[in-house]
Amino acid sequence: MKDDIDLSDEQLIEKYKNGEDVFSFILRRYLKSVYNFVSSFSNKNQDAQDITQETFIKVWKKIDKYDQNYSLRTWIFAIARNTALDWLKKKKCISFSDFENEEGDNPVIDSLTDQTSLMDELINKVDKEEKVLEIINNLPPIYKEVIILKYNYEYTFEEISKIVDNPLNTVKSRYKRALDKIKKDLID
């Protein structure tokens with residue numbers, strides 16, 4: 001069983017589907033990163049622990065329905081995100097006015113470029129990285145999650161789109177808006 005820890009996600013899932021007890025390896029592989037991700041939705045350690053626990057209960061219950069055409073990591077993060085948003089709705093922490101319109105339309109989308117270097121430049125120009133982290137922490141949840149998934153977990157826009165279950169252009173728009181807000185707050 002010790003050798004199972006070196007198996008790929010796909011191999012672990014296959015063993016699980018064949019009745020072998022390998023879920024603990026999946027849990028250990030993703031527990032810390034899921035906890036860190038859901039912590040961005042809540043300032044309370046206990047809430048993050050509860051969200052993380054609920055996430056892995058859902059993963060365990062739904063693992064038979066996992067579609068191996070997608071990355072296990074992406075699938076788990078999508079469950080974590082949805083669990084955190086459900087938790088926020090129960091807590092009524094989300095300001096729904098922060099969400100985009102129902103169609104997800106945005107005239108800025110056509111002018112979007114990949115501004116990956118912009119974030120790096122901003123961090124380098126600021127004397128204290130804490131200021132940037134404080135600004136990111138105060139972003140509305142829909143912008144904050146895109147920045148966190150992009151920079152902390154190095155997801156592509158396509159992967160983020162699957163995790164947050166929004167169109168690719170919506171994700172890019174939120175990313176650009178988050179960067180604009182960060183830049184504005186750094187200048188002020």
So in the stretch 145-158, with the set limited to residues that are assigned to a helix (DSSP H, G or I) and open to solvent by less than 20 Å² (accessible area, probe 1.4 Å), which one is farthest from residue 74 (Cα to Cα)? 147
For residue 21, which of the numbered conditions (1) in a helix (DSSP H, G or I); (2) farther than 22 Å from residue 141 by Cα; (3) of a type in the set (D, E, K, R) fails to hold? (1)
What are the residues in the stretch 147-160 that are within 18 Å of residue 40 (Cα to Cα) and in contact with a helix residue (DSSP H, G or I) (Cβ under 9 Å, 6 or more places away or on another chain), if any? 147, 148, 149, 150, 151, 152, 153, 155, 160
Yes/no for residue 63 being within 23 Å of residue 160 (Cα to Cα), in a helix (DSSP H, G or I) and open to solvent by less than 40 Å² (accessible area, probe 1.4 Å): yes
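To keep it simple, each residue is scored yes or no on (1) closer than 19 Å to residue 75 by Cα; (2) open to solvent by 50 Å² or more (accessible area, probe 1.4 Å).
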position	(1), (2)
22	yes, no
26	yes, no
33	yes, no
47	no, no
54	yes, yes
57	yes, yes
I need every pair where a residue in the stretch 162-181 that is within 15 Å of residue 148 (Cβ to Cβ) and free of Cβ contacts under 8 Å to residues at least 60 places away in the same chain has its Cβ under 8 Å from the Cβ of a residue that is open to solvent by 10 Å² or more (accessible area, probe 1.4 Å) and of a type in the set (Gly, Ala, Ser), sequence separation at least 6 or different chains. 171/161
Any chance the stretch 127-149 includes a residue that's among the β-branched types (Val, Ile, Thr) and modelled with pLDDT under 85? yes
Does the stretch 36-45 hold any residues that are outside any loop (DSSP other than H, G, I, E, B) and open to solvent by 60 Å² or more (accessible area, probe 1.4 Å), and which are they? 36, 45
Flagged pairs (Cβ under 6 angstrom, 6 or more apart or on separate chains; first in the stretch 145-160, under 20 Å from residue 135 (Cβ atoms); second surrounded by 14 or more Cβ atoms within 10 Å (Cβ to Cβ) and among the hydroxyl-bearing types (Ser, Thr, Tyr)) are 146/175; 148/40; 149/155
Go through the stretch 159-175 and report how many residues are open to solvent by 40 Å² or more (accessible area, probe 1.4 Å) and part of a helix (DSSP H, G or I). 5
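The values are calculated or read from the model by the stated rules, or taken from the named source; none is laboratory data. Not measured: the values here are computed from a predicted model. Every residue, glycine as well, gets a Cβ built from its backbone with ideal geometry; the counts of neighbours run over all protein chains shown. Heavy atoms of the whole protein, side chains included, go into the accessibility calculation; ligands, DNA and RNA do not. Shrake-Rupley method; radii C 1.70, N 1.55, O 1.52, S 1.80 Å.
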